[in-house]
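**Student:** Structure provided below as structure tokens; questions to follow.
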Amino acid sequence: MNWDQVEGKWTEFSGKAKAKWGKLTDDDVAQVNGNREALEGKLQAQYGKSKEDAKREVNDWIDSL
């Protein structure tokens, strides 16, 4: 799976993202709207992760889909 596929079906994958990262609110997920950088930014803000850690987590999540 790659990000283009996730982005194209964000409505479908947004629930999976919320299940993986429980601190994300419905508003957070709606604001991401398939934008990878926005998701990474939300993870940084909600979990206090570094940019590199957030990127790594998103990569791992995509690989697990």
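**Student:** Solvent-accessible area per residue for the range 12-65 at a 1.4 Å probe radius, Å²?
**Tutor:** About 59 Å² of surface per residue is accessible.
**Student:** Over the chain, with every protein chain in place, what whole percent of the accessible area is carbon and sulfur at 1.4 Å, could you tell me? Don't jump to the answer; show the numbers that get you there.
**Tutor:** Numbers: 1670 of 4020 Å².
Here it works out to 42 percent.
**Student:** Of (i) -0.30, -0.71, -0.77; (ii) -0.35, -0.76, -0.82; (iii) -0.24, -0.62, -0.70, which one was derived for log10 I(q)/I(0) by the Debye sum over Cα atoms at q = 0.12, 0.19, 0.20 Å⁻¹ from the structure shown?
**Tutor:** (iii)
**Student:** Which value, in debye to the nearest 20, gives the size of the charge dipole of the chain about its Cα centre, when Lys and Arg are +1 and Asp and Glu are -1 at the Cβ? Numbers along the way, then the final one.
**Tutor:** Details: 11 positive and 13 negative charges, 31 e Å.
Charge dipole, the chain, about its Cα centre: 140 debye, nearest 20.
The values are calculated or read from the model by the stated rules, or taken from the named source; none is laboratory data. Remember, predicted model here, so these are calculated numbers, not experimental data. Note that each Cβ is placed from the backbone with ideal geometry, even for glycine, and that neighbours are counted across all protein chains shown. Protein only, heavy atoms only, side chains kept; ligands, DNA and RNA dropped before computing areas. Shrake-Rupley method; radii C 1.70, N 1.55, O 1.52, S 1.80 Å.
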